[in-house]
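The numbers here are math on the coordinates, done by the rules we state, and not lab data. Treat the numbers as computed from the prediction; the structure is a model and nothing was measured. We place every Cβ from the backbone using ideal geometry, glycine too, and count neighbours over all the protein chains shown.
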Amino acid sequence: MSKTNVDDLRGVLFCCHGSSCTRAGARTVEKALRLHTREAGLKNQIRFVRTACTGLCKSAPIVIASVNPPPEEAQAGAASTCGARWQLKVRAEDAPALIDSHFGTGTNETEAKAVKKKKAKK
Ligand code: FES
């Protein structure tokens, strides 16, 4: 059973793992996205879901960012900055910009610092 609190979710990253996306590096992309999610302190605020082919194989690998509104905007009924955003031909090096642009930084700074410190030691 997942420990994710739905109310704390900033969103979901749907990572296509169909055959074209897998050949184009989907596993490496997802790994980079997960790493940057931890570095940004968003580990428990973004869910990762692997999908089958989404039908855009020529633009593989595909990542779909589904962004939830911040709680204060959700209460106000604002949804203009939310929804599904398709990312085409995603590369591992795109992960930081993708996470930052869609989800910003997280609230778990302790975890983010620990991940960065561990990464610096390598
Ligand atoms: S395999 Fe990913 S879009 Fe077809």
Ordering 19-32, 49-62 by per-residue average of other C-beta atoms within 10 angstrom, highest first, gives 19-32, 49-62
A84 to A52: extension gain in nm, 0.36 nm per residue of separation minus the Cα-Cα distance?
-> 9.9 nm
